[in-house]
Amino acid sequence: MEFKMAGLILKNINKTYDQKLQVIKNLNLDVYDGEFLVLVGPSGCGKSTVLRMIAGLEDITGGEIFIDDKKINNVHPKDRDIAMVFQNYALYPHMTVYENMAFGLKMRKFKKDFIDARVKKAAETLDLTELLARKPKQLSGGQRQRVALGRAIVREPKVFLMDEPLSNLDAKLRAQTRFEIKKLHKSLKTTFIYVTHDQVEAMTMGDRIVILDKGVIQQIGTPEEVYFSPENVFVGGFIGSPAMNFLEAEITEDKKIKIGSIFLEPEEKNAKLIEQNSLAGKKAILGIRPEHFLINQNNVNAFKIIPDFIETLGSEKLIHFTVNDKKVIAKTSVETEIMPDNTTVSADASKILLFDINGKKRFILSPSQN
C-alpha cells in the first residue's frame with residue numbers, strides 16, 4: 001500500500017491554561033504535503049503543546065486545525081489518522097517487539113493477516129526483522145526508538161508527530177538515528193512534524209524550521225534562511241553554535257558603524273540599507289557569526305585584540321575576546337596563529353547584519369534595492 005500524505009493547517013491557534021496563562025499566541029502555520037517540519041525553541045516555548053494540540057491530546061483554546069481541508073478540532077485523537085512518537089518510547093515491557101508494533105492495529109480490529117503484513121513491512125524498513133521476538137528490556141535505546149517508530153509506521157498515518165524522540169540517546173546514537181529518521185521520511189514521503197530543543201537536530205533534519213519563543217513564532221524558513229538571515233536577535237542567537245555575536249553600535253552621520261572606539265566601513269549593501277532605513281545618527285545592534293571574522297588580515301575594518309582565552313577544538317579554534325565590554329567569539333582554523341599581543345580581527349563586511357536597537361527585527365533592503 002502506498003503511504004498517504006497530508007496537508008496540515010493551523011489557523012489562529014491559542015492555548016491558555018486556567019484562563020490566564022497563555023502559552024500559545026495566535027499561531028498560524030501551513031505544513032506542506034510530505035514535508036519534514038521541525039519545531040524548535042527553548043524549554044517552555046510551547047513547541048510540545050503545539051504537537052499535542054495537533055494530536056488531540058490537548059484542547060485548543062481558540063483557532064482551527066485542518067487536515068486535508070477537514071476541520072479536526074472536535075475529532076477524537078484516534079480518528080485523526082495521526083501517529084505520535086514520544087521521547088520515552090512508551091513500549092509495553094511485557095510484549096515482544098512484534099506485539100508492541102501490532103498492538104494499535106489489533107485494538108482497531110484489523111484482521112490478523114493484515115496486521116502481520118504491516119508489521120513485517122515496517123520491521124523490514126527499520127531493520128527490526130531479527131528483533132521481532134525480543135522484549136524491550138533486551139534492546140538498546142536506539143533499537144527501542146526504532147520499535148516506537150515502527151509502531152507508528154504500521155498505522156500508515158497521514159501525519160507523523162515526533163516529540164523529542166532522540167533526547168534519551170547518547171550523542172553517537174542520536175546522529176545515527178537522525179539519519180535513519182530522515183531516510184524513513186524520504187522512503188515514506190509522508191508529513192513529519194518533529195519537536196526538539198536541539199538546534200543541530202533542527203538544522204540537519206528539517207526541510208523548514210519553525211522557531212518558537214514564549215508561544216510566538218519568531219521565524220519560519222529553511223535551515224539556510226534562519227541561519228544566514230535571522231529575522232531578529234532571538235533567532236540569530238538561538239540558531240548557531242557558538243551563537244551569533246551581538247554588539248550595540250551607532251551609525252555615524254557619514255554612515256560608518258561605530259562600536260566604542262572601533263569604526264567599521266560598511267560594504268555596498270549595508271551602506272544602502274543604512275540610507276534606506278535612515279539609520280545615520282541612530283543606534284542599532286550589529287550581528288555577526290563567529291566564522292565571519294577574518295583573523296590577521298589587513299583591511300580597512302581590522303582592529304587589534306587581546307584574546308581572553310582560546311579554545312582548540314580539533315580542526316578549529318574559538319578566540320574569546322572583548323569589544324566595548326562585550327564578550328565576543330571568533331572561529332578560525334586550527335592552523336591560524338594567535339599571538340597574545342599581536343592579533344587583529346576584522347568583520348567580513350558582507351556578512352554583517354543590522355537589527356533595530358530592541359533586537360525585534362533585522363533591517364533589510366526593499367526588493368528594488370537587492
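Read-outs throughout are calculated quantities, based only on the coordinates presented, and are distinct from any laboratory measurement. Small disclaimer: the values here were computed from a predicted structure and weren't measured. Quick reminder, even Gly has a Cβ in these numbers, built from the backbone with ideal geometry, and neighbours come from all protein chains shown.
Structure summary
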read-out: Surface/4 of the Cα convex hull for segment 226-298, nm²; value: 5.5 nm²
read-out: Spin-label pair Ala117/Asp170, simplified geometry with 7 Å Cα→Cβ offset, distance in nm; value: 4.1 nm
read-out: Rg and Dmax [Cα atoms of segment 10-52; Å; Rg one decimal, Dmax integer]; value: 11.5, 36
read-out: Phe103/Ser229 FRET efficiency (R0 30 Å; Cβ-Cβ; nearest 0.05); value: 0.10
read-out: Longest to shortest principal axis, alpha-carbon extents of the chain, angstrom; value: 77, 46, 39
read-out: Whole-Å distance, taken between Cα centres, linking segment 295-322 and segment 135-203; value: 39 Å
read-out: Radius 11 Å from Cβ of Tyr32, net charge of other residues (Lys, Arg +1; Asp, Glu -1); value: -3
read-out: Debye equation applied to the C-alpha atoms of segment 75-212, log10 I(q)/I(0) at 0.17, 0.21 Å⁻¹; value: -0.92, -1.39
read-out: Ordering of 319-325, 176-182 by packing [mean C-beta count within 10 Å, highest first]; value: 176-182, 319-325
read-out: Cα-Cα over 21 Å, subset of Lys25/Lys189; Lys11/Lys182; Lys255/Lys283; Lys256/Lys282; value: Lys25/Lys189; Lys11/Lys182
read-out: Computed FRET value (nearest 0.05) for Glu64 with Lys189, which takes r as the C-beta separation and R₀ as 22 Å; value: 0.25
read-out: Nearest-0.05 FRET efficiency for Asp325 and Ala280, computed from C-beta distance (R0 35 Å); value: 0.90
read-out: Extension gain (nm, one decimal) between Ser315 and Val216, 0.36 nm per residue minus Cα-Cα; value: 31.9 nm
read-out: Cα gyration tensor of segment 251-370 - equivalent ellipsoid semi-axes, whole Å, descending; value: 28, 14, 13
read-out: Kirkwood Rh (inverse of mean 1/r, distinct Cα pairs), segment 1-141, angstrom; value: 17.5 Å
